[in-house]
1. Going residue by residue through region 246-260, is there one that turns out to be of a type outside the set (S, T, N, Q), without any contact (Cβ under 8 Å) to a residue 12 or more places away in the chain and over 24 Å from S134 (Cα atoms)?
2. Taking the criterion of being out of contact with any His (no Cβ under 8 Å at 6 or more places or on another chain), more than 23 Å from P40 (Cα to Cα) and of a type in the set (V, I, T), would at least one residue in region 92-101 satisfy it?
3. Just checking, which of E131, E105 is farther than 23 Å from V198 by Cα, in a loop (DSSP other than H, G, I, E, B) and of a type in the set (D, E)?
4. Test each condition in (1) among the hydroxyl-bearing types (S, T, Y); (2) out of contact with any helix residue (DSSP H, G or I) (no Cβ under 9 Å at 6 or more places or on another chain); (3) over 25 Å from P190 (Cα atoms) for T320 and report the one that comes out false.
5. Out of region 336-385, which residues are free of Cβ contacts under 8 Å to residues at least 12 places away in the same chain and closer than 13 Å to K263 by Cα?
6. Somewhere in region 84-98, is a residue at positive phi, surrounded by 14 or more Cβ atoms within 10 Å (Cβ to Cβ) and of a type outside the set (D, E, K, R)?
7. Given (1) at pLDDT below 85; (2) under 20 Å from L91 (Cα atoms); (3) small (G, A, S), where does A68 come up short, assuming only one miss?
Amino acid sequence: MLAVLAGCTGGSRDIGEGKPGSSGDAIQIFPRDGAEDVGPERRIEVSIPDGRLERVRVTRVEDARRQAVPGRISDDGLSWRPAGGAGRLALASKYSVEAVAVDAEGRRSARNTAFTTVVPDHRFIGYFKPENRSTVGTGMIVAFEFSRPIRDRAAVQKAIRVTADPAVEVVGHWFGRDRLDFRPAAYWKPGTEVTVEVGLRDVEGAPGVFGSQRRTVGFTVGRSQVSLVDAAGHTMQVRRDGELISTVPISAGAPKTPTYNGKMVVSEMHEVTRMDGRTVGFGGEYDIKDVPHAIRLTESGTFLHGNYWAPADTFGSLNTSHGCIGLRDVKGGGGSAPGGWFFDRTLIGDVVEVVNSPDRKVAPDNGLSGWNLSWQAWKAGSALR
């Protein structure tokens, strides 16, 4: 039974904890996951060889604003195409695609992909999160990823202003030349209103390369929820506004593939997704196409997710994954099971901290993990010192 409890840590979006499955991708999505500089003449296509598409959601994200891309599933249920003028891709944008299909035997499968479109050579933009007008957890970090390497980091950082009400000092920290994150010294206070002013238009980020954005967006910090995962004790303590509301049995990474230690921040949530070990270097050890209640914790592939295939007594007693944190769940996802219960009570920006794992501490640039740096070290990464 332990062989089916494979887990996740790696560098792709379709990754996770699972059991062996078919080697083919039932859901085909084009452009491919992770594609960059996609031209406007390309078209988004979703298709399956048989069965039917149950749901397809395509979203364009520009300057932290989401816009649904209209489209329809064909009469035979085998494909999805954008509607009318929505078929032409916008420049300098990020697109996400979520698709769920059902085969002839009623089995569900899912895929979640993303790609970015071309930015003119003499321009750069910053893809950033969280979304405009969203409500997030107290651990949210404002993260910018730039489409071109930035040479004049001071000029770019100076053109981005992050303020809070009630007021608190917010400082930027550079990870290399294409990523800039902002955070305060400690988690945001619940109820804080955060404003992000992006004044990059005509700012020269590199010789002859200028910014093209001028936007103001904002988000609200909701209640505090911090969950402490004890990998050795096989438990997760969920605290809401400082009070313990539940202790949930979990299964973490096996001794040879342990879970990262440290503070991680929820960056994505999927009711159902596919997790394939081949995308993270684990060969064909697992491929589960309908993992329920998947919550991303790192960019490299650490998830906290529901698990319906492991025996119930695994949770609270054994660590058997390839790095993920598993909660007991039911096939298709059930709100009353621990996986569904936690998913329904989670926000993007909530903190999950792992302790007592034999692995190293998660890198601060792996997802939104910057809380693992001290305030002094964080401020040292600013270009405006």
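1. yes
2. Checking region 92-101: at least one residue is out of contact with any His (no Cβ under 8 Å at 6 or more places or on another chain), more than 23 Å from P40 (Cα to Cα) and of a type in the set (V, I, T).
3. Among E131, E105, only E105 is farther than 23 Å from V198 by Cα, in a loop (DSSP other than H, G, I, E, B) and of a type in the set (D, E).
4. Condition (2) is where T320 drops out.
5. Result: A363, S374.
6. So far as region 84-98 goes, yes, one or more of its residues are at positive phi, surrounded by 14 or more Cβ atoms within 10 Å (Cβ to Cβ) and of a type outside the set (D, E, K, R).
7. All conditions are met except number (1).
This table checks each residue for (1) buried (at least 21 other Cβ atoms within 10 Å of the Cβ); (2) at pLDDT below 95; (3) hydrophobic (A, V, I, L, M, F, W, C).
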{"position": "N112", "(1), (2), (3)": "yes, yes, no"}
{"position": "G126", "(1), (2), (3)": "yes, no, no"}
{"position": "G137", "(1), (2), (3)": "yes, no, no"}
{"position": "I141", "(1), (2), (3)": "yes, no, yes"}
{"position": "F144", "(1), (2), (3)": "yes, no, yes"}
{"position": "P149", "(1), (2), (3)": "no, no, no"}
{"position": "A155", "(1), (2), (3)": "no, no, yes"}
{"position": "K158", "(1), (2), (3)": "no, no, no"}
{"position": "V162", "(1), (2), (3)": "no, no, yes"}
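The values are calculated or read from the model by the stated rules, or taken from the named source; none is laboratory data. Please read all numbers here as calculations on a predicted model, not as lab measurements. Note: ideal-geometry Cβ built from the backbone for every residue, glycine included; neighbour counts use all protein chains shown.
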